[in-house]
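Here the structure is laid out as structure tokens; the discussion comes afterwards.
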Amino acid sequence: MRKLLFLLLFSVAGDIVLGQGTSQDSAWIRDNYYKIERSIPMRDGAKLFTSFYIPKDTTGRHPILLTRTPYSCRPYGEDKWRDFVPGYFRYYLREGYIIATQDVRGRWMSEGQFVDVRPFIKDKRTDKDIDEASDTYDAIDWMIKNIPYNNGKVGVTGGSYPGFYAAMAAASGHPALKAVSPQAPVTDWFMGDDFHHNGAFMQMDAWSFYSSFGKPRPQPTTTGPTGFNANSKDNYQWYLTTGALKNIMKLTRDSIAFWKDLYQHPNRDAWWQARNARVAMYDIKPAMLVVGGTFDAEDCFGAWNLFKAIKTQSPSTHSHLIMGPWYHGGWVSNDGTHLGNIQFGSNTAFWYQNNIEIPFFNYYLKDKGAEPQIAAATVFFTGENTWKTFAKWPPAEEKEQSLYLRSGGALSWEKPSGVNSFDEYTSDPAHPVPYTEDVHWDRTREYMTDDQRFASRRPDVLTYQTPVLTEDLTLGGPVTANLKVSLSGQDADFIVKVIDVFPDDFTYGNETPAARRETPRSVPLGGYQMLVRGEVMRGRFRESFEKPVPFKPGKVETVQFYIPDIAHTFKKGHRLMVQIQSSWFPLVDRNPQKFVDVYTCEDSDFQKENIRIFHDGEHPSQLILPVIK
């Protein structure tokens, strides 16, 4: 299963030094905690299975930290315990928290019907008007009244899909809910996150996750579904051979309801709009700590955009954004020092765990310590490997500046003035551009910082770069791609990649004395083309995600879209590169390049297409960059 089903682990601030747990930790937990399991009734009568690890200490009262998950609160049985020792969650137990984990409605041991990213109901009129916010309200209400020695304060956290449930908890309105941390939250499965990016279907993540997760559960169970076995180690070849998306649909044998729903809603219609978590982010009462990774391959979109929605729609809420240089769940790992070949100079995960998360929950749930001095946005900037704090995000210091595509593969701050200047390539669905040069089955998380030289060598990838930078260039915020294009066909995808080109003699560890101390190994990366951010746009949605329109062959048209936020410094001596292509396989499904329903089209509908990217005075293609001076 590609979607990382990570358990949330926590650390404590102060004098504790994080590290691997020991047998003494395990013995201490057993000596000082006990476990119970309860089925908590909801307002419509459904009962949700919940496990509790409760301190034996009865001399004081304890806060409740709840995670609601579709991934199981196993192990089941009051004599079977979750292993808290390997990660930093054990420090929450040292702090005396009551740890609660709940199977959401219709999953595992909970009753009711499961609905993916269940829509939020703003005005609930009857007990049948249930959603994840109402289920959270009912769960919290029961816990406050029935779990012994609780202090009347509840926090909710969750990462990935549980991050969605944490966001919905924030909208529950229960007065005992004081602090919520959605981490890499699923937010909008059509605009970003796992299933789509700007309307383009992210087939590899979607299939590897949902081919097992989506299998029906006929009754409460402690046994999880089995995954799909492709009998292949080469995902590029397997997806290419499998062909059109309708052929993948056949592999479900019509058993997975959400696949059928997804195929029936190819555009961002009311069905998808109701599943946008941002619609619930009004009048949010608890303090919010939104966490994500700048190199999160699954949910890069969610954290940035959920935070922006909270700030816009609930401006009086104490809300904070934390973005580190992490893969999906990297902030809860024991090693936040690097991703792939890219080094960060310190253990960024430990820093976050010690300095941000525990002080946040301790203050709001235990009245411990002074109010944490957490900025509105705390963001790690790769390249310079520095944490920066801002009073808002995007930063007030950020100024939009256009970087123009020019002939000869150049990038310039100066607008072109020529006539009828363009570059052209042929996009062939039978030979799509791979997203990485490796041969593997599971989608790698390291592709988010991979070397892009393999793509630069292909004739169907256009490459543009600046001269060697004479001073540092820092970008902080979303990037806008504004392309002027013409097609020989009716539709195309446009993938834009922002890349940091390292100097030919670059080696980690030789930049400064401090870098040599912090980097345990020298890594030669001369000429490395580090992917900083890449994003896809399905061209048919260039005017509207609700009402797609075909291109008119030969007509110059504008394709403009947002690329998720960047937090990166291109150092002096480096170059900024932009690559443009029309396939990113098998990460993104292939566009047939005909104006047909991508989900039901035939293999025969896929066709070659000539694509022109213009860069002249009348049609200046550009990237609008968020430059921080």
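Assess whether ILE563 counts as being within 26 Å of TRP207 (Cα to Cα), outside any loop (DSSP other than H, G, I, E, B) and among the aliphatic types (A, V, I, L, M). Against the criterion (within 26 Å of TRP207 (Cα to Cα), outside any loop (DSSP other than H, G, I, E, B) and among the aliphatic types (A, V, I, L, M)), ILE563 qualifies. Tell me yes or no: at least one residue of the stretch 285-307 is more than 27 Å from ASP451 (Cβ to Cβ), surrounded by fewer than 20 Cβ atoms within 10 Å (Cβ to Cβ) and touching a Ser or Thr at 6+ places or on another chain (Cβ under 9 Å). Among the residues of the stretch 285-307, at least one is more than 27 Å from ASP451 (Cβ to Cβ), surrounded by fewer than 20 Cβ atoms within 10 Å (Cβ to Cβ) and touching a Ser or Thr at 6+ places or on another chain (Cβ under 9 Å), which makes the answer yes. If you check PHE595, PHE585 for being over 30 Å from ALA410 (Cβ atoms), of a type outside the set (D, E, K, R), modelled with pLDDT of 95 or more and not assigned by TED's automatic domain parsing to the domain that holds PHE380, only one passes: PHE595. For the stretch 249-269, the condition of being more than 23 Å from the chain's Cα centre (by Cα), surrounded by 16 or more Cβ atoms within 10 Å (Cβ to Cβ), on the phi < 0 side of the Ramachandran plot and not in a loop (DSSP other than H, G, I, E, B) holds for at least one residue. Taken over the stretch 461-481, residues that are of a type in the set (Asp, Glu) and under 20 Å from ASN198 (Cβ atoms) amount to 0. Residues of the stretch 232-248 that are buried (at least 18 other Cβ atoms within 10 Å of the Cβ) and touching a strand residue (DSSP E or B) at 6+ places or on another chain (Cβ under 8 Å): TYR236, TYR239, LEU245. Is it the case, given these coordinates, that PRO182 is modelled with pLDDT of 95 or more and either surrounded by 22 or more Cβ atoms within 10 Å (Cβ to Cβ) or touching a Lys or Arg at 6+ places or on another chain (Cβ under 7 Å) (or both)? Yes: the conditions hold for PRO182. There is no residue in the stretch 109-122 that is buried (at least 23 other Cβ atoms within 10 Å of the Cβ), under 19 Å from GLY155 (Cβ atoms) and touching a residue at least 12 places away in the same chain (Cβ under 8 Å).
Consider HIS320 carefully, then state whether it is in contact with a strand residue (DSSP E or B) (Cβ under 9 Å, 6 or more places away or on another chain), farther than 20 Å from GLY192 by Cβ and touching a residue at least 40 places away in the same chain (Cβ under 8 Å). So HIS320 passes the test. Scanning the stretch 185-196 for residues that are touching an Asp or Glu at 6+ places or on another chain (Cβ under 7 Å) and among the charged types (D, E, K, R), which turns out surrounded by the most Cβ atoms within 10 Å (Cβ to Cβ)? Here the answer is ASP193. Among the candidates TYR92, TYR88, the residue that is in the same structural domain as ALA349 (by TED's automatic domain parsing), crowded, with 16+ Cβ neighbours inside 10 Å and part of a loop (DSSP other than H, G, I, E, B) is uniquely TYR88.
The values are calculated or read from the model by the stated rules, or taken from the named source; none is laboratory data. All values derive from a computational prediction rather than experimental measurement. Cβ sites come from the backbone with ideal geometry, for glycine too, and all protein chains shown count toward neighbours.
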